Each structure stands twice: as C-alpha cells, then as structure tokens.
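**Q** Sharing a structure with you now.
The values are calculated or read from the model by the stated rules, or taken from the named source; none is laboratory data. No experiment lies behind these values; they were computed from the predicted model shown. Here the Cβ is made from the backbone with ideal geometry for all residues, glycine too, and neighbour counts use every protein chain on show.
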Amino acid sequence: MARFSKRVGREVLEGHPRLPEWIAKERVKLGDLNGMKKGLRDSHLHTVCEEARCPNRTHCFTQGTATFLLMGEVCTRACGFCSIQSGRPRALDPREPGETAERVAALNLRFAVLTSVNRDDLPDGGAAHFADTILAIRHRNPGVAVEVLVPDFMGDLEAVARVVAAGPAVFNHNTETVPSLYAEVRPAGRFERSLRVLAHAKQLGTALYGPGFRTKSGLMLGLGETEAELLATLEALVGAGVDILTLGQYLRPTRHQLPVRRYVPPEEFAALGAKAKALGFGTVYAGPLVRSSFNAHEVAGLEGVSIA
C-alpha cells in the first residue's frame with residue numbers, strides 16, 4: 001500500500017507540497033469579527049478557533065459561533081501539529097464556567113461546544129471544570145445542548161465519568177492520527193488510551209441517557225498515514241462505539257509545526273467517507289476544511305456521509 005504522503009502531481013516548494021486550489025480561506029471584512037472577539041475578550045474567555053489558528057474561524061465567527069477553550073491558553077503538552085502555547089498553565093479561573101454560560105446566552109446559541117488545553121498538572125485533568133461548565137450552561141440556558149471535546153485525562157476513567165455525568169449531548173475525543181504517527185504527532189498521547197476513553201464514555205453515556213447519547217472522534221489526513229493504517233484506525237474507533245467521525249486535511253498552523261506531507265483531494269475524502277460509513281459509523285463528516293467542531297450542531301443531527 002502506497003503511503004498517503006506520496007505526492008500526486010503537485011508542485012513542491014522547499015520540500016513541501018504547494019497549497020492546492022481546492023483549499024481556499026473564506027474572505028471576510030475584519031470588522032465583521034469585532035463584535036464576537038470583543039465579547040470574548042470582555043468575558044476573559046478564549047476560543048480554540050483563534051489559539052489553534054483554525055482555517056474556519058472567520059466562517060464560524062461571522063455565524064456567531066465559536067468553540068470555547070477552557071482552562072486557559074497554555075497547554076501542558078506539545079503536540080507536533082498544534083500551535084497552542086505549551087508551558088506551565090495558570091490556576092483555573094473559578095469564574096470561567098459562569099462566564100462561559102453567560103457568553104452562550106449573549107450569543108443566543110442553541111448548541112455550545114467546549115474544549116480545553118491539556119491540563120496534566122491537575123489531578124483530574126480538568127474534568128470537574130468541564131462538568132461545572134456544562135452544568136452552568138444548562139442552568140443558565142435551558143434547552144441548549146453541549147458538545148465537549150476533551151483530552152484523554154491520562155486515561156483516568158473516573159474523570160471521563162464525571163464529564164459524562166454532567167450531561168453533554170456529544171462526547172468528543174480526537175485520536176487525531178494513526179497509531180504509527182503518535183511519536184511525532186501526539187508524543188504524550190497513547191492510541192489505546194484514547195480508545196478506552198471513548199469506549200468508557202459510550203458505555204456510561206448509553207447507560208445514563210439511552211441510545212441517543214453519541215460519541216465522536218476525528219482524524220487529520222496528510223501527515224504520512226497509509227490507507228491501510230487509516231482504515232485499521234477507523235475499525236478500532238467503530239469497535240469503541242464511536243458514532244460520529246470527522247476527517248479533515250492537516251494544515252500547518254505555522255512553520256514551527258509538522259509539515260504537510262500530502263494534500264488529500266476532495267474526491268478522496270468522499271471515497272474515504274463512504275468507506276468509513278460502510279465500517280459502521282452512524283455519521284461521517286469529511287472534507288479538506290472539516291475540523292472536529294466545525295458545523296458541530298448540524299453534524300450532531302446528521303445521519304450518513306456529508307462532504308464539505
């Protein structure tokens with residue numbers, strides 16, 4: 001099986017593939033983003049959209065949506081793909097759950113997405129903070145559904161249980177890539193640990209809330225994975241009970257992160273989406289600019305394969 005990093009007729013600059021024509025960043029007036037950004041700054045909140053330099057951030061901001069980044073903007077890990085600052089985080093802000101709930105109300109959201117930096121410095125990895133924020137949002141905004149995109153909590157299943165018990169509509173944890181690439185992509189992560197987190201969340205969530213409780217995971221393509229490795233990874237995720245799968249193109253945030261090995265064309269995403277659906281995922285959202293939390297509300301209600 002040829003490696004996914006094989007170049008397919010694209011001109012290469014400085015040893016890396018040139019950005020292809022099918023990846024275009026949405027152009028908006030900077031003034032259109034000021035209201036969203038000011039509201040977040042006034043609330044002392046952060047978004048993963050900005051901290052991780054997501055290519056879809058202008059789209060989401062102009063739609064009045066954002067993925068809230070809990071527990072500060074400094075991460076205890078240094079993943080090869082991520083531009084979020086790594087170092088020693090500050091103490092948790094006890095006001096953050098309530099302020100997040102207020103911002104959800106101000107934005108009139110029906111579906112809120114919460115994620116965080118890794119906080120391996122905390123005994124529970126920040127699970128209680130996630131739970132407090134979910135509960136604050138639901139108390140302040142009855143009827144608002146919450147999706148969480150959590151770290152692996154170092155495999156602490158009690159931490160997983162605490163988040164699930166708070167009642168998220170979707171429990172998301174990204175495996176990010178295939179196991180053979182973890183050493184460079186997620187050096188502090190372990191694929192089997194992530195599978196245990198997802199499987200436990202699915203089992204507990206189904207017991208508490210019934211079959212409507214959904215788990216989710218996502219992978220970036222173009223880091224050097226083979227198709228055989230990718231399909232084996234997807235089979236493992238199905239085995240862990242994952243309901244929703246996202247597949248997107250890895251885009252290098254800055255020159256300090258891992259290079260792109262290959263840009264996967266849209267038709268290949270469509271073919272992979274069909275294969276993933278055949279493996280047993282209930283919902284597959286695939287495409288070059290798909291990110292784990294992009295269009296999360298719509299994706300949570302989809303069945304089948306959607307290509308962006």
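**Q** Quick one: would you say Arg140 is over 25 Å from Leu219 (Cα atoms), modelled with pLDDT under 95 and either of a type outside the set (S, T, N, Q) or out of contact with any helix residue (DSSP H, G or I) (no Cβ under 6 Å at 6 or more places or on another chain) (or both)?
**A** no
**Q** Moving to a separate point now. Can you tell me which residue is nearest to Ala169 (Cα to Cα) among those in region 261-282 that are in a loop (DSSP other than H, G, I, E, B) and small (Gly, Ala, Ser)?
**A** Gly282
**Q** Hey, can you tell me all the residues within region 212-242 that are assigned to a strand (DSSP E or B) and β-branched (Val, Ile, Thr)?
**A** Listed by number, the residues that qualify are Thr215, Thr226.
**Q** What are the residues in region 214-230 that are crowded, with 21+ Cβ neighbours inside 10 Å and in contact with a helix residue (DSSP H, G or I) (Cβ under 9 Å, 6 or more places away or on another chain), if any?
**A** Hits for region 214-230 are Arg214, Thr215, Lys216, Ser217, Leu219, Met220, Leu221, Leu223, Gly224, Glu225.
**Q** Right, here's the next one. Can we say Leu198 is assigned to a helix (DSSP H, G or I) and buried (at least 18 other Cβ atoms within 10 Å of the Cβ)?
**A** yes
**Q** Within the set of pairs 6 or more residues apart or between chains, which connect a residue that is at positive phi inside region 259-273 to a residue that is of a type in the set (Lys, Arg) and surrounded by 17 or more Cβ atoms within 10 Å (Cβ to Cβ) with Cβ atoms less than 7 Å apart?
**A** none
**Q** Being part of a helix (DSSP H, G or I), surrounded by fewer than 18 Cβ atoms within 10 Å (Cβ to Cβ) and out of contact with any helix residue (DSSP H, G or I) (no Cβ under 6 Å at 6 or more places or on another chain) is the requirement here; does Thr206 meet it?
**A** Yes, satisfied.
**Q** Just to be sure I understand, how many residues within region 243-268 are in contact with a Pro (Cβ under 8 Å, 6 or more places away or on another chain), more than 24 Å from Ala78 (Cα to Cα) and surrounded by fewer than 22 Cβ atoms within 10 Å (Cβ to Cβ)?
**A** Adding up the residues that qualify gives 2.
**Q** Can you find even one residue in region 169-179 that is at pLDDT 95 or above, of a type in the set (D, E, K, R), closer than 23 Å to Ala296 by Cβ and in contact with a Lys or Arg (Cβ under 7 Å, 6 or more places away or on another chain)?
**A** Yes: one or more hits.
**Q** Could you list, in sequence order, the residues of region 283-300 that are surrounded by fewer than 24 Cβ atoms within 10 Å (Cβ to Cβ), part of a loop (DSSP other than H, G, I, E, B) and either at pLDDT below 80 or more than 18 Å from the chain's Cα centre (by Cα) (or both)?
**A** Matches in region 283-300: Asn295 only.
**Q** Continuing with the same structure: With respect to Leu245, determine if the residue is part of a strand (DSSP E or B), in contact (Cβ under 8 Å) with a residue 12 or more places away in the chain and under 20 Å from Val305 (Cβ atoms).
**A** In short, yes.
**Q** Would you mind stating whether Ser306 is assigned to a strand (DSSP E or B) and free of Cβ contacts under 8 Å to residues at least 40 places away in the same chain?
**A** When the stated conditions are applied, Ser306 passes them.
**Q** Can you tell me how many residues in region 145-165 are surrounded by fewer than 20 Cβ atoms within 10 Å (Cβ to Cβ) and touching a Leu at 6+ places or on another chain (Cβ under 6 Å)?
**A** The number of residues fulfilling the criteria is 1.
**Q** Let me spell it out: the conditions are (1) on the phi < 0 side of the Ramachandran plot; (2) of a type in the set (Gly, Ala, Ser); (3) in contact with a strand residue (DSSP E or B) (Cβ under 7 Å, 6 or more places away or on another chain); (4) without any contact (Cβ under 8 Å) to a residue 60 or more places away in the chain, and Gly218 meets all of them except one. Which number is the exception?
**A** The number of the failed condition is (4).
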